[in-house]
């Protein structure tokens, strides 16, 4: 597998951020594309996409959603930390088994935002709020396939020809 192009990493994170900004209706039914993309790059390229970048995207999402400042930043930072912690183990599993490893990370990140909202006196969104993590984890195999395709393409046409 070829190394990931830094421009491809940046563009995938930008697209995921734009998808998060779309007003698609109920928040708890919409997958967290940015968290999923951050987890993917934390697992596959932990030296390029790390905790600092997750914090920056989290602050950006806090400003965008007008939520408590640092809510998403803390959640994305912890999500990235734990994704980097398990990155060597997760890549050995099938995509469906990887999704089962990713689900607890996404649930923990949502639990952080849930707790912060409750601590500052926000409304309790209810337990359907956590459905978003399950929906996001189900999309893991699809996102993994889409983001790994450029790395699996041959560098030149000559690599496909038999000798």
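Only the coordinates and a few stated rules stand behind these numbers; no lab work does. These figures come from a predicted structure and were not determined experimentally. Cβ placement follows ideal geometry from the backbone for every residue including glycine, while neighbour counts extend to all protein chains displayed.
Within segment 42-55, count every residue that is surrounded by fewer than 24 Cβ atoms within 10 Å (Cβ to Cβ) and either part of a helix (DSSP H, G or I) or under 11 Å from the mean Cα position of the chain (by Cα) (or both).
Adding up the residues that qualify gives 6.
Any residue at all in segment 146-162 that is in a helix (DSSP H, G or I), under 18 Å from the mean Cα position of the chain (by Cα), closer than 24 Å to residue 19 by Cβ and without any contact (Cβ under 8 Å) to a residue 24 or more places away in the chain?
Within segment 146-162 (the criterion being in a helix (DSSP H, G or I), under 18 Å from the mean Cα position of the chain (by Cα), closer than 24 Å to residue 19 by Cβ and without any contact (Cβ under 8 Å) to a residue 24 or more places away in the chain), the answer is yes, since at least one residue qualifies.
Look through segment 1-32, keep the residues that are in contact (Cβ under 8 Å) with a residue 60 or more places away in the chain, under 15 Å from the mean Cα position of the chain (by Cα) and closer than 19 Å to residue 114 by Cβ, and return whichever of them is surrounded by the most Cβ atoms within 10 Å (Cβ to Cβ).
32
Restricting the first residue to segment 43-72 and requiring it to be farther than 15 Å from residue 6 by Cβ, which pairs with a second residue that is part of a loop (DSSP other than H, G, I, E, B) meet a Cβ separation below 7 Å and a spacing of at least six or different chains?
43/91; 62/69; 62/70; 68/120
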